[in-house]
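Peer 1: Let me begin by handing over the structure; questions about it come next.
Readers should treat all values here as calculations from the given coordinates under stated rules, not as data from a laboratory. These numbers were taken from a predicted model, which means no experiment stands behind them. Glycine also receives a Cβ, built like all others from the backbone with ideal geometry; neighbour counts cover every protein chain displayed.
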DNA sequence: TGCGCCTCAATTGCATGCAGTTTGAGGGCG
DNA sequence: CGCCCTCAAACTGCATGCAATTGAGGCGCA
């Protein structure tokens, strides 16, 4: 059985699927930052399809939460709030505990090899760009989910992992992936050993540490509302609230 | 005003959203059985929109796993395998444990009243059709999820609950909902009391019992004409009155 | 009668066109 | 000098048209 994701339900056509995959990748590698605009025409032109198809792809990505669609407005890469990021990680923890619970002691030799190969790749990518490290780290988790042979679980884990990726690019500082890689190795070891409780707790703490490293504080960042950013400054001024800002300076 | 779910990302347009909601409802009330065909034209005519919109709606539902889309083939209501049903319930259990964990002891008076009102409605519907009971039971869980104020959790719980509904119509015998209603009341009580562990275990066993009741022989469903089935669902909103009754859609 | 090929209506895949809405840039006015 | 108003360009919402694919019934042939 080739480990074909081949989500039976997700991508109706190949062209739409192609665009979805490309955009997903661009988003999780932060080539497209949260808030980036995604006009249908430009997408269509870039991928050599009509607006109809680009539109459909955006619809799918919106259903996954990677893109925000508002009526009559240009689609943008989603900008999850800090709270949403926290929620996503909470959900992710539960889902991935389920993954490793199902997998503990049940991996084939081939699967173990595949996992090790992947972590090796993560290792090699450590000197490369952060974007690639983050993508590989995420793909490790998706690889695990795939091994459960549960399409539903695969879909949810993938989605929520992508969303978490998104939040990393918003709220995280430069990624130090060493520990993550070691934790991945530890998880593989525990899976092979078949220690269900151990691997679930490993996965829990792994994700928890990633989350807490990433979501330390609602960092003032590009994409946040200007008025929020200025709130602390406004308090100091003579009690008068900021009545009106002259033309909002568009951040990018 | 009304506490509308208003999923920010899911339904790009209102027309698409309308069709999605109508079809979702038709599916979980088993007016559309698994395997029922959903040709774009027929949907478009029934709802007074073009194929483009119907197509988009089908795409969304496919992303939710309620509909199966295969290239160049008529879309059909999803027919989850028994294993997929089991997986869906496993995921659902974890997600809903998360819901009640977040909610335990944190419900406002208004929310408690809302839950009680809903369960009362379930009670009253006990004599009505099974379809309505099942829908109400599902909506109880979605109502709970909504109270977490976590859009992501709401979306996942809703999706997976709908999927479970689907499987019930495939593998379950006539629903005896009394116990479910009592279990709902017990969950509310534990939530109010704030006993986190208790409510999590209650939710677990509640869903587990629903799931294990769903291990019966598959029920062969005879299909009616799609346009007739959808007639009552098309009324919501200002749908065009399309009087034309085109060819009969034969449902397998 | 039974089996396989062939044809055609039904249906999807996709592009394009038109109408309505939003954006944002420039000019006039206080 | 800054604010508001206006208007055009940009963009989305949606319908329609044409080509490609499917699969189901009909026909011929053994």
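Peer 1: If one computes the Cα centroid of segment A:68-127 and of segment B:122-147, what distance in Å separates the two points?
Peer 2: For segment A:68-127 versus segment B:122-147, the Cα centre distance is 33 Å.
Peer 1: Quick check: residue separation of residue A:208 and residue A:120 times 0.36 nm, minus the Cα distance between them. What number comes out in nm?
Peer 2: Gain on stretching residue A:208 to residue A:120: 29.4 nm.
Peer 1: Sticking with this structure for a sec: Give me the one-decimal nm value for the distance between modelled label points at residue B:82 and residue A:197, 7 Å along each residue's Cα-to-Cβ direction.
Peer 2: Going by the 7 Å Cα→Cβ label model, 3.3 nm.
Peer 1: Now for a different question. Cα extents of segment B:26-104 along the three principal axes, largest first, in whole Å?
Peer 2: For segment B:26-104, the Cα spread along each principal axis is 46, 27, 23 Å.
Peer 1: Considering Cα pairs under 8 angstrom that are at least six residues apart, work out the relative contact order of segment B:16-121 and quote it in whole percent.
Peer 2: 24
Peer 1: Another question, then. Starting from the Cα of residue B:113, step 7 Å along the direction of its Cβ; do the same at residue B:72; then give the gap between the two resulting points in nm.
Peer 2: It works out to 5.9 nm between the two label points.
Peer 1: Only counting other Cβ atoms within 10 Å, I'd like A:119, B:192 sorted with the fewest neighbours first.
Peer 2: B:192, A:119
Peer 1: Also, quick follow-up: Plugging the Kirkwood radius over Cα pairs into Stokes-Einstein for segment A:82-214, at a temperature of 25 °C and a viscosity of 0.890 mPa s, what D comes out in µm²/s?
Peer 2: For these conditions, the coefficient is 167 µm²/s.
Peer 1: Which whole number gives the average, over all residues in A:59-71, of C-beta atoms from other chains lying within 10 Å of the residue C-beta?
Peer 2: Averaged over the peptide's residues, the number is 5.
Peer 1: Percent relative contact order of segment A:83-212, based on C-alpha pairs within less than 8 angstrom and at least six residues apart?
Peer 2: 45
Peer 1: Please list B:50-59, A:65-74 highest first by mean number of surrounding beta-carbon atoms within 10 Å per residue.
Peer 2: Sorting B:50-59, A:65-74 by mean packing, highest first, produces B:50-59, A:65-74.
Peer 1: Right, here's the next one. Roughly what would the spin-label model give for residue B:129 and residue A:31, points 7 Å off Cα along C-beta, in nm?
Peer 2: Spacing of the two 7 Å Cα→Cβ label points: 5.0 nm.
Peer 1: Let me have the relative contact order for segment A:14-77, percent, based on Cα pairs under 8 Å that are six or more residues apart.
Peer 2: 40
Peer 1: What average number of partner chain Cβ atoms lie no more than 10 Å from the Cβ of the residues making up A:87-93?
Peer 2: The shielding value for this peptide is 4.
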